[in-house]
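Undergrad: First the structure, which I've put down as C-alpha cells, then a few questions once you've had a look.
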Amino acid sequence: MINCDPDNNYESMQPMKETNIANAVSLIQNANVITVLTGAGISAESGIQTFRDTPDSLWNRFDPEILSSLNGFAGDPQLVWDWYVDRRTDMLAAQPNNAHIGLAEIAKKKDMVIFTQNIDDLHERAGSPNVTHFHGDIKTARCFAKCGWKGKFEDTVPGIMPGCPCCASIARPNVVWFGEMIDPLNMISANARLQNTDLHIIIGTSGVVEPFASLVHNNARGGSTILSINKRPDDHLWYADYSLTGSAGWILDEIAKRV
Ligand code: NAD
Ligand code: ZN
C-alpha cells in the first residue's frame, strides 16, 4: 500500500509500477486474504458493452439521464424497461470469459471475494463463490411503489411492463441508478473486508463512479498491496502500487495457470 503523509502531500507517494505476470503471481501466492473489485471491462471480452471507453460504449450511444435515473424511469418507464430487457437478454446469452474463469480458478486456492459493479452474473457462472453486486443485478427486480417486494425477474407479473407480484404497481429493475444509495450492508461488508485484505486487485474499471472508485483507497491498510489490471494505461487507478496493462482475459488466464 502507498504511504500518504498526514497532510495528503501526494508528492511523497511511491509512483505506480508497471509489473509483469510473474510478480502478480507471486503477490497472489504470498497473500492470505485477497479482494477483487471489478468493472464493466472484465465483461467486455464476453461481448457486453462497457459504459464509457469506446465509441460503442453505452453512454456514448444512450442518455444515462433517461435510462439510468429515477426521474428517467418515472418519465418513461416503458422505454427504460425495454432497454433493460434487451440488456438482460444480451447478458444472459453472454458466456464467462477467461478473466471470470481465471478468478474462479484462483478462488479455489485462495481466500478471495469479489465486489463487482457489474449487473451481469458472469462471475457466478464462471464459478466464483463469493460475489457481491454493488450496483444491483439484471436477474432481479423490485417494486416501484413502497410495498417492499424484491425478487426474481421471472416472478414479476407479465404485462406491457413487468408488474409487482405483491401490489398493483409496476416493478423496476433492481439496479442502482445515478443518484441512488448503495445498499448500506454492501458498504459495511466491503469496508470491513478491505481493511483486512493483503492484496487488492482492481480490474476493468474507469474509476469514475463513486463510492466504488475510492473503496480501496479509503480502506487499504499499510502493508497491503494494490494491483490494477486495465487495458488502458490511463485508466489504472492512481493509487495502485502495481499496474498490469492488457486485456483482462489474457492476463487472468496467464496468472491462473501459474497460481
Ligand atoms: P467503464 O465503462 O466506465 O470502464 C470500463 C473500463 O474497463 C475502462 O477503464 C476500460 O479501459 C477497461 N476495459 C475495457 N475492456 C477491457 C479488457 N478487455 N480488459 C481490461 N480492461 C478493460 O465501466 P465501469 O468503471 O465499470 O463503470 C461503472 C458502471 O458501469 C457501473 O455502474 C456498472 O454497473 C456499469 N456497467 C456494467 C456492465 C456489466 O454488468 N457487464 C456493463 C456496462 C456498464
Ligand atoms: Zn409492490
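Undergrad: Considering Cα pairs under 8 angstrom that are at least six residues apart, work out the relative contact order of segment 40-163 and quote it in whole percent.
TA: Reported as a whole number, the value is 18 percent.
Undergrad: Tell me the angle of helix 21-30 to the major Cα principal axis of the chain, expressed in degrees between 0 and 90 and rounded to the nearest ten.
TA: Once rounded, the angle reads 90 degrees.
Undergrad: By the scheme Lys and Arg +1, Asp and Glu -1, what is the net charge of all other residues having a beta-carbon under 12 Å from that of Ser228?
TA: -1
Undergrad: Right, another one. Tell me the relative contact order for the chain as a rounded percent, counting alpha carbon contacts under 8 Å between residues six or more apart.
TA: Over the chain, the number comes to 27 percent.
Undergrad: So which of Lys17/Lys110; Lys17/Lys231; Lys17/Lys257; Lys110/Lys150; Lys109/Lys150 end up more than 27 Å apart, counting from Cα to Cα?
TA: Among Lys17/Lys110; Lys17/Lys231; Lys17/Lys257; Lys110/Lys150; Lys109/Lys150, the Cα-Cα distance tops 27 Å for Lys110/Lys150; Lys109/Lys150.
Undergrad: Can you tell me the alpha carbon radius of gyration of segment 81-226 divided by the globular rule-of-thumb value 2.2 N^0.38 Å?
TA: The reported ratio for this selection is 1.16.
Undergrad: So how far, in whole Å, is the C-alpha centre of segment 210-259 from the one of segment 110-174?
TA: Segment 210-259 and segment 110-174 have Cα centres separated by 27 Å.
Undergrad: Nearest 10 degrees is fine. How inclined is helix 184-195 to the longest principal axis of the chain, computing both from alpha carbons?
TA: 10
Undergrad: Let me ask something else about it. Using a probe of 1.4 angstrom, how much of the accessible area of segment 40-141 is carbon and sulfur, in percent?
TA: Using a 1.4 Å probe with all protein chains present, segment 40-141 comes out at 51 percent carbon and sulfur.
Undergrad: On C-alpha positions alone, give me the angle between the axis of helix 98-107 and the longest principal axis of the chain, in degrees, nearest 10.
TA: That works out to roughly 70 degrees.
Undergrad: Once you have the alpha carbon radius of gyration of the chain, what is it after dividing by 2.2 N^0.38 Å, with N set to its residue count?
TA: Working it through for the chain, the quotient is 1.05.
Undergrad: Further question on the same structure: Once the Cα gyration tensor of segment 84-138 is found, what semi-axes does its equivalent ellipsoid get, as square roots of 5 times the eigenvalues, in whole Å, sorted largest first?
TA: 21, 13, 6
Undergrad: If you don't mind, there's one more thing I want to ask. When the convex hull of the Cα atoms of segment 192-241 is projected onto a plane and the area is averaged over all directions, what value comes out in nm²?
TA: The number I arrive at for segment 192-241 is 3.2 nm².
Undergrad: Oh, and also: Of all alpha-carbon pairs in segment 45-148, indicate the percentage at a distance above 24 angstrom.
TA: Every Cα pair in segment 45-148 considered, those over 24 Å come to 32 percent.
Undergrad: Please give the peptides 39-49, 229-239, 244-254, 187-197 ranked by average Cβ packing (other Cβ atoms within 10 Å per residue), highest first, as a rough proxy for protection.
TA: 39-49, 244-254, 229-239, 187-197
Undergrad: Now, a different point. So, for segment 42-120, what is the accessible surface per residue at a probe of 1.4 Å, expressed in square angstrom?
TA: Result: 46 Å² per residue.
Undergrad: Of the heavy-atom accessible surface of segment 153-259 (probe 1.4 angstrom), what whole percent is carbon and sulfur?
TA: 57
Undergrad: So what are the radius of gyration and Dmax for the Cα set of segment 130-207, in Å?
TA: Every Cα atom of segment 130-207 included, Rg and Dmax give 15.8, 49 Å.
Undergrad: Counting only DSSP beta bridges with both residues in the chain, tell me the antiparallel percent, nearest 5.
TA: Looking only at bridges with both residues in the chain, the antiparallel portion is about 25 percent.
The values are calculated or read from the model by the stated rules, or taken from the named source; none is laboratory data. Because the structure is a prediction, the values reported are computed rather than measured. Note: ideal-geometry Cβ built from the backbone for every residue, glycine included; neighbour counts use all protein chains shown. Protein only, heavy atoms only, side chains kept; ligands, DNA and RNA dropped before computing areas. Shrake-Rupley method; radii C 1.70, N 1.55, O 1.52, S 1.80 Å.
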